[in-house]
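The values are calculated or read from the model by the stated rules, or taken from the named source; none is laboratory data. Owing to the predicted nature of the structure, the values given are computational and were not obtained by experimental measurement. Neighbour counts run over all protein chains shown; Cβ positions are idealised from the backbone, glycine included.
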Amino acid sequence: MNDSHFLHGFLNPKSVAIYGANNKGNSLAGLQIMNLIKSSYDGKVYPIHLKLPSVMGFKAYKNISNLPEIPELVVIVLPSNVVPQIFRECGEKGVKRIVLISGGFRELVDDRKNSLTEEINNISNEYGIRFIGPNCLGVYNNWYGPEDEKKSFNIFIWENLKRSKFSIASQSGTLSCHIWYDPENLDLGLSRSLSVGNEANVDIVDCLEYYKDDEYTEIIGLYIEEIKRGKKFLELAKEITPKKPIIAIYVGGSKAGNRALQSHTGALAGNSKIYNGLFKETGIIKTDYVQEFLDIAFIFSKGIIPKGKRLGIITNSGGPGAMVANNAENHGLIVPEFSESLQKELKSALPLTASFKNPVDCTFDMDLPYFYITLPEILMKSGEIDAIIQYGVVGFQEVLDEYLKYDQIAKHAEFHHQPDEFVDTLVQKLLQPTMKNCQKYSIPILYINPMNFNAPWSKKLRKNGAMLFTLWDRPVNALAKVCEYVDYKQKRK
């Protein structure tokens, strides 16, 4: 781990004191301490509360001066007007790291402006304190205990997420937290998340410095409302992007967006054209959409990156194949017409009604081993494509099972229910050869199943390593941006 950087202590504290912690289920401070319990945090927890003798089973203290040790991290969820005094008490105790959740600082506008940010900055400088916030949600470290996958340091995400090497730094607490409400539908996972809020002390540049050398970060996601240290950001981004992709959402440029930012974090947003130029120069992948932000990171997280922009399309229905091809070319991907020799090879095995020039349209052919294994392998071995999108990986067994619920159908049907063990084995046999070929040829395959992500067949595909989407626009759009990044890296060599 990058333990020489000061942010390492924020992500790996051995002890935490929480101001404002209580036993209420609807309070932010209460959620902070409950998340520590839920994430199996095994450090020492010190709730600080003027009245309560204990909080969630932990002994509470009236003041930080009463603690038996100097906590490695302090979390503050209190009204803004008392925060300067709390900072001073922390400084006198010897605290060096604070996460300031509280709002009511720089984001206030009009006649509600105050000097609280300047006050806490002066105090932190006096005592050598580094702090994240204010107006943030804190930190998350899914590698707190590398040897125990169930253990994390978590004060703001209420789901136990799978581990990955995707890390976020965000000026919005919501983007660093709320996007994980439904992890059942997210195969992406998370490594670190740093919600920096108003950036009164720690900013996104600090996060980039940490992620640059962090062994548990291979993909970086940023939510940006403003960049305070532009020159340093530029230098870091140019250094990072040849090794690790950076995906960024920039919010600003429009009148309404700038107005919202001013009241949210007090950010002074810049012209969007300037940021677009900055991202293009540094190879940062820009997106305006949260779902695309996650989709791009998901493709990178599989570790199989296309070498170019040539897309092969396999489908069992003509319409989706045409829409994928059209959207792909509109987004800068290349959908090449296959060579005569490749067409001849495909034609020899496809149904007479099939199309084989690219897209390859199997017209609802039910030969599953050919559809899942042989066709992708033929395209990969040809050397004529760099990535594959395959539409129609539907779980027909569960569709047929629905029909079998009707007595009249069940009485005459020449098919029957297949046990889960059989279906599990079938999925493994259909997917594993192609997953190995993806690694062998460095060609990613993006599957599209119009069924629900949590449908039994979809779950089995995902369990066996498939990059799965429910419709075709998202994978095309995200893949196009991944390929733009690949093009940037190639030009930098």
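Kindly evaluate W180 against the criterion of being closer than 29 Å to N452 by Cβ, touching a residue at least 40 places away in the same chain (Cβ under 8 Å) and assigned by TED's automatic domain parsing to the domain that holds I284.
So W180 does not fit the description; no.
If you go through the stretch 43-68, how many residues are part of a strand (DSSP E or B) and in contact with a helix residue (DSSP H, G or I) (Cβ under 7 Å, 6 or more places away or on another chain)?
Of the residues in that region, 4 qualify.
With V423, V399, V427, V393 as the choices, which residue is farther than 30 Å from I305 by Cβ and either touching a Lys or Arg at 6+ places or on another chain (Cβ under 9 Å) or touching a residue at least 60 places away in the same chain (Cβ under 8 Å) (or both)?
V423
Can you tell me which of (1) within 27 Å of D214 (Cβ to Cβ); (2) at pLDDT below 65; (3) among the basic types (K, R) is the one K231 doesn't meet?
Status for K231: all satisfied but (2).
Scan the stretch 411-432 and give yes if some residue there is surrounded by fewer than 17 Cβ atoms within 10 Å (Cβ to Cβ) and on the phi > 0 side of the Ramachandran plot, otherwise no.
Checked against the condition, which is being surrounded by fewer than 17 Cβ atoms within 10 Å (Cβ to Cβ) and on the phi > 0 side of the Ramachandran plot, the stretch 411-432 yields no hits at all.
Restricting attention to the stretch 110-119, does a residue exist that is out of contact with any helix residue (DSSP H, G or I) (no Cβ under 7 Å at 6 or more places or on another chain), modelled with pLDDT of 90 or more, outside any helix (DSSP H, G or I) and surrounded by fewer than 21 Cβ atoms within 10 Å (Cβ to Cβ)?
No - not one qualifying residue is present in the stretch 110-119.
If you go through the stretch 206-220 one residue at a time, how many are in contact with a helix residue (DSSP H, G or I) (Cβ under 6 Å, 6 or more places away or on another chain) and crowded, with 20+ Cβ neighbours inside 10 Å?
Total satisfying the criteria: 5.
Which residues, taken from the stretch 388-426, are farther than 18 Å from N316 by Cα and either among the polar types (S, T, N, Q) or in contact with a strand residue (DSSP E or B) (Cβ under 9 Å, 6 or more places away or on another chain) (or both)?
Q408, Q418, T425 - these are the residues of the stretch 388-426 that are farther than 18 Å from N316 by Cα and either among the polar types (S, T, N, Q) or in contact with a strand residue (DSSP E or B) (Cβ under 9 Å, 6 or more places away or on another chain) (or both).
Take K463 and decide whether it is under 26 Å from M380 (Cβ atoms) and of a type in the set (K, R).
yes
If you take the residues in the stretch 439-461 that are among the basic types (K, R) and either at pLDDT 95 or above or buried (at least 18 other Cβ atoms within 10 Å of the Cβ) (or both), which one is farthest from F422 (Cα to Cα)?
K440
Please go through (1) part of a helix (DSSP H, G or I); (2) touching an Asp or Glu at 6+ places or on another chain (Cβ under 7 Å); (3) surrounded by 19 or more Cβ atoms within 10 Å (Cβ to Cβ) for N35 and return the number of the only condition it doesn't satisfy.
All conditions pass for N35, except number (2).
Is it the case that E69 is under 13 Å from V16 (Cβ atoms) and at pLDDT 95 or above?
yes
Here is a list of conditions, (1) assigned to a helix (DSSP H, G or I); (2) over 26 Å from T374 (Cβ atoms); (3) without any contact (Cβ under 8 Å) to a residue 60 or more places away in the chain, and H417 meets all of them except one; can you say which number that is?
Tallying (1) assigned to a helix (DSSP H, G or I); (2) over 26 Å from T374 (Cβ atoms); (3) without any contact (Cβ under 8 Å) to a residue 60 or more places away in the chain, H417 fails exactly one: (1).
Look at K238 and say whether it is of a type outside the set (A, V, I, L, M, F, W, C), in the same structural domain as W143 (by TED's automatic domain parsing) and either modelled with pLDDT of 95 or more or crowded, with 20+ Cβ neighbours inside 10 Å (or both).
Spelling it out, K238 is indeed of a type outside the set (A, V, I, L, M, F, W, C), in the same structural domain as W143 (by TED's automatic domain parsing) and either modelled with pLDDT of 95 or more or crowded, with 20+ Cβ neighbours inside 10 Å (or both).
Of the residues L261, L194, L278, L188, which single one is hydrophobic (A, V, I, L, M, F, W, C), modelled with pLDDT of 95 or more and buried (at least 18 other Cβ atoms within 10 Å of the Cβ)?
Of L261, L194, L278, L188, the one residue that is hydrophobic (A, V, I, L, M, F, W, C), modelled with pLDDT of 95 or more and buried (at least 18 other Cβ atoms within 10 Å of the Cβ) is L194.
Tell me, yes or no, whether the stretch 343-356 has at least one residue that is closer than 21 Å to L471 by Cα, of a type in the set (D, E, K, R) and over 33 Å from the mean Cα position of the chain (by Cα).
no
Within the stretch 463-493, restricting attention to residues that are among the basic types (K, R) and within 28 Å of G332 (Cβ to Cβ), which residue is modelled with the highest pLDDT?
Among residues in the stretch 463-493 that are among the basic types (K, R) and within 28 Å of G332 (Cβ to Cβ), the one modelled with the highest pLDDT is K481.
Here's the yes/no breakdown for (1) free of Cβ contacts under 8 Å to residues at least 12 places away in the same chain; (2) within 26 Å of C90 (Cβ to Cβ):
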| site | (1), (2) |
| --- | --- |
| N122 | yes, yes |
| G145 | no, no |
| K150 | no, no |
| K162 | no, no |
| G173 | no, yes |
| C207 | no, yes |
| D214 | no, no |
| K231 | yes, no |
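Assigned to a helix (DSSP H, G or I), within 28 Å of the chain's Cα centre (by Cα) and either over 21 Å from I388 (Cα atoms) or in the same structural domain as G319 (by TED's automatic domain parsing) (or both): which single residue out of Y447, Y488 fits that description?
Y488
Got a sec? Which of L368, L346, L400 is closer than 23 Å to P433 by Cα, surrounded by 15 or more Cβ atoms within 10 Å (Cβ to Cβ) and assigned by TED's automatic domain parsing to the domain that holds E421?
Result of the check over L368, L346, L400: L346.
K38 - would you say it is touching a residue at least 12 places away in the same chain (Cβ under 8 Å) and assigned by TED's automatic domain parsing to the domain that holds S167?
The answer is yes for K38.
Tell me, yes or no, whether the stretch 178-187 has at least one residue that is closer than 20 Å to I98 by Cβ and of a type in the set (D, E, K, R).
Scanning the stretch 178-187, I find no residue that is closer than 20 Å to I98 by Cβ and of a type in the set (D, E, K, R), so the answer is no.
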